[in-house]
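Here the structure is laid out as structure tokens; the discussion comes afterwards.
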Amino acid sequence: MHEHHAGHSHDATGGKALKISLAIVLVVMIAEIVGGIISGSLALIGDAGHMLVDALALSLSLFAITIARRSASASRTYGYHRVEIMAALANGVILIVVAGYIFYEAYQRFAEPPEVQAPLMLIVAAVGLVANIAGLLLLSKASHGNLNVKAAFWHIIGDTISSVGVIIAGIIILITGSTIADPIIAVIIGVIILWGAVRIVREAADILMESVPKHIDVDRVVESMKQVEGVDGVGDIHVWTITSGIYALSAHLLIQDRMVSHAAEILEEVNHKLEHDFRITHTTLQLECEKCDACADGVICNLSRPEQDHQH
């Protein structure tokens, strides 16, 4: 099986960014725990707990990328790419749980507003904000081509918003002395985290259900394939996502009665159009012709090439 170089490039970039982001999260988490205990800020301690969950999520994402690099085997012909999608799904579910915890904590704080030392709360939150922005910059580019890294990216977004929220709440407490700002900001944070989590879970579920990728219109794919000279029809078509950025297709092509060498040329041109127009690089195509004397059942050749990966 050919290697998918673009995928490995994304993995390498994402893996390095995840390692640095994980280190940042751990350092900030320890700082928030210490600062929360000294200042008596439940918001900081709660955010530290959020970052602990994020550290576990980043570790899971990093583990998934490592496993996904394993070569395919006789029992796993697509390799371990789907591990990344499973990790993304798990991370999305974790984010939903975190949002639920934030809502619960906000409710508790509405009932009993905590006493906090606003100045220390602000200092620690500001340090956390700078660190989280650094993490966002690291993961931003890698998250575009990898759902697993995107899930980790949303964890860091949640942390960044939390830091901003703690700073705003700290300023309001410092100026007005009212601690009600803390749970109000917490609810806003929870809604934003929940929104990102639901998107990730839905996208991961679509991939695991082998739904057609959002950027692909099956009717357009069929029309594109039929534009190739010699192709009269397309049937039994399936399009799905193996993992982020790797798309697959299987179909039957009804072609005109030609020599096998000409059929191979048709197959090559169809594959080129699929890759160029729709980024579909893994194809399994069976060529068929109308019933003829040379082939009673109408199947002139089975030029299926599973796991085909065109080189760029």
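The alpha carbon centroids of segment 81-138 and segment 212-261 are separated by 44 Å. Summarising the strand pairing of segment 218-289, around 50 percent of its internal DSSP beta bridges are antiparallel. In summary, the lysines within cross-link reach of Lys141, defined as a Cα separation below 26 angstrom excluding same-chain residues under 8 places away, comprise Lys16, Lys19, Lys150, Lys214.
Rounded, prolate or oblate, given the Cα gyration tensor of segment 157-277, with a/c below 1.5 counting as rounded?
prolate
In straight-distance terms, cross-link reach from Lys226 covers every one of the lysines whose alpha-carbon lies under 20 Å from its own, apart from those fewer than eight places away in the same chain; here that gives Lys273, Lys291. Both radii were evaluated on the Cα set of segment 13-110; the Rg over Rh quotient, with Rh as the Kirkwood radius, amounts to 1.12.
Rounded to the nearest Hz, the phi-derived 3J(HN,Hα) couplings of segment 79-87 under the Karplus curve 6.51 cos²θ - 1.76 cosθ + 1.60 (θ = phi - 60°) are x, 10, 4, 5, 4, 5, 5, 5, 5, where x marks glycine and proline.
Using the charge dipole of segment 218-289 (Lys, Arg: +1 at Cβ; Asp, Glu: -1 at Cβ; taken about the Cα centre), state which of Asn271, Ile242, His252 has its Cα farthest towards the positive end. Checked the options; the winner is Ile242. Around the amide H of Leu254, modelled in the peptide plane, lie the amide H atoms of Asp232, Gly233, Val234, Gly235, Glu288, all under 5 Å away and 5 or more residues distant in sequence or on another chain. As a proxy for reagent exposure, ranking Met209, Met51, Met86 by other Cβ atoms within 10 Å from fewest up yields Met209, Met86, Met51.
Read the figures in this text as sums done on the coordinates, not as results from a lab. In this text the structure is predicted, and so the values were computed from the model without any measurement. In this analysis, Cβ positions are derived from the backbone assuming ideal geometry, glycine residues included, and neighbour counts consider all displayed protein chains.
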